[in-house]
1. Suppose we filter the range 250-265 for residues that are touching a residue at least 60 places away in the same chain (Cβ under 8 Å) and exposed (fewer than 14 other Cβ atoms within 10 Å of the Cβ); how many remain?
2. Check residue 58 against each of (1) within 16 Å of ligand 1 (Cβ to nearest atom); (2) surrounded by fewer than 17 Cβ atoms within 10 Å (Cβ to Cβ) and name the one condition it does not meet.
3. Across the range 28-50, which residue is nearest to residue 235 (Cα to Cα) among those that are surrounded by fewer than 20 Cβ atoms within 10 Å (Cβ to Cβ), more than 15 Å from ligand 1 (Cβ to nearest atom) and not polar (S, T, N, Q)?
4. Any idea which of 296, 317 is away from ligand 2 (no atom under 16 Å from the Cβ), among the small types (Gly, Ala, Ser) and surrounded by 20 or more Cβ atoms within 10 Å (Cβ to Cβ)?
5. When the range 165-178 is examined, which residues are found to be out of contact with any Asp or Glu (no Cβ under 7 Å at 6 or more places or on another chain) and more than 13 Å from residue 204 (Cα to Cα)?
6. Of all helices (runs of 4 or more DSSP H) completely enclosed by the range 90-158, which ones contain at least 3 residues that are within 16 Å of ligand 2 (Cβ to nearest atom) and of a type outside the set (Ser, Thr, Tyr)?
7. Note down all Cβ pairs under 9 Å where the first residue falls in the range 346-365 and is without any contact (Cβ under 8 Å) to a residue 60 or more places away in the chain, the second is among the acidic types (Asp, Glu) and within 16 Å of ligand 1 (Cβ to nearest atom), and they're at least six residues apart or on different chains.
Amino acid sequence: MGKTIIISNRLPVQLQISNGTITAIPSVGGLATGMKSVHSSGDSLWIGWSGLTEEDIVPELEPKIDEALAAHGSSKVKLTEKEVDGFYYGFSNRTIWPLFHYFLEYSEFQLDYWNTYKKVNQKFADAILAKAEDGDTIWVHDYQLMLVPQMVRKERPNVSIGFFLHIPFPSFEIFRTLPWREELLEGVLGSDLIGFHTYDYERHFLSSVRRLLGLEVSFNDISMGDRLIKVDSFPMGIDYKKFSDAAKIHYNRAEDEQSELQQRLNAHKKTDPEAKFFLSIDRLDYSKGIAKRLNAFEYFLNKYPQYKEKVRLIILAVPSRSNVPQYQLLKREIDELVGRINGEFSTVSWTPIWYFYRSMPFENLIDLYTSSDIAWLTPLRDGMNLVAKEYIATRTDKTGVLILSEMAGSANEMNESLLVNPNNFEQTADALHEAINMPVEEQKARNSILQKRLARYNVEKWANDFMTSLKSQKERDAANVSR
Ligand code: ADP
Ligand code: G6P
């Protein structure tokens, strides 16, 4: 059996250098947090970008950098500042990300971004080719590396290649606007198996393949020359046990063992047992609908004034892609909205919104999940949304209400939550009202079903299903070719 190579732009950790010291910071985002669990339980090699640029990597530091990455089973692809600009901030996050999340007006079609994307994808492919041997399995992740499968296949046809897209694949009408649409599809079609979070994304992809490339698609098989490529949906799970175990520890901590955050949250609960915490956690990204959520909160406070001084909205926004102008504008908009709403509603004893703009250690994330009565996660568009699953996993006493956007991939598997259209403030305000008043027995009934499902289809099962499907697809394709 050959080895497994995982390849993605983000590694499980990002490196930072300060005064000659290297620090490894856990990466945020569903791809890194999910794959980290899969990676740590196996013996795969993970290739990706370290977060540093070639200009940062002075020769004396390079062995230490490699060592720091090797401690996480990882190895680096070196990118120059200019490449990071054109590939990461450019084509990945100013072209594909907005387009695939239906923010067509934000999507920039610049030839130099595209050229850098191609060049950098070739660098990632070369990093694989330097390690891969016949019989190995290569698992390529996400929109930053859509050309890599074809680039690897061209040189090494006897490896198995799987590709998984962690973001939505948009409808044909959106995708067709991209000037380099055929090249992206052909890049991905270098894979033996192509995976999406949901059946809808899969259908959109197949439709684009059929209409743009004119390839024959039968059910979920694509015929390309003498090759058969399989397309399927694999909704990504979480490391359920990690979250539920951490929550159990959290609930059992004596007061002097609690984090400052836990103590403060508990103190607030003690002062007013009727008070409710709403929790909103996302990377600071326009696709997550944070600004809309703030507007909906204001709407809710006006529609249901009886909850003034009773509810608190905790917003945790993780800094993300801050070199991209749309993210900078959004940061400003959120800062202003929080200031305005707090200014309008605060009293001497009550601040309606607590806003944190930072990444938090895992323990504090658990403090927030376990202390919040209601998780309010309403992206405008989201490939999956693992935060919703993590919140449910930490509710070990089965209380708590999840309000989730219909536009999140996870909504398909979380029907027992309160599903809302984030653009509908009336419906959202009513859902908050319903969540506050939901009888504990109903909360427990809903969460029991959700928990069983999430515990069963966890991230390990997700990865195993993908790998098993890839193996059988490779065998099926080999049999097809030899016929
Ligand atoms: P995305 O991948 O678009 O960022 P997801 O909800 O799928 O959205 O995944 C986000 C991941 O990042 C989750 O696993 C979550 O635990 C982690 N995360 C979110 N916010 C923070 C934070 N403030 N600090 C640390 N990790 C976070
Ligand atoms: C989403 C994407 C990932 C990405 C993550 C964090 O989950 O699907 O590919 O890693 O966001 O974004 P970043 O740009 O920091 O890697």
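1. Final tally of qualifying residues: 1.
2. Just one mismatch for residue 58, condition (1).
3. Across the range 28-50, the extreme among qualifying residues is 42.
4. 296
5. Of everything in the range 165-178, those that are out of contact with any Asp or Glu (no Cβ under 7 Å at 6 or more places or on another chain) and more than 13 Å from residue 204 (Cα to Cα) turn out to be 177, 178.
6. Numbers: elements: 97-100, 111-131, 148-155.
By residue number, 97-100, 111-131.
7. 360/367
Each row is one residue, and each column tells you yes or no for (1) modelled with pLDDT under 95; (2) surrounded by fewer than 20 Cβ atoms within 10 Å (Cβ to Cβ); (3) aliphatic (A, V, I, L, M).
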| position | (1), (2), (3) |
| --- | --- |
| 197 | no, no, no |
| 210 | no, yes, no |
| 214 | no, yes, no |
| 226 | yes, yes, no |
| 229 | no, no, yes |
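The values are calculated or read from the model by the stated rules, or taken from the named source; none is laboratory data. Only a predicted model underlies this, so the values are computations on that prediction, with no experimental measurement involved. Here Cβ is always computed from backbone atoms with ideal geometry, including for glycine, and neighbour counts include all displayed protein chains.
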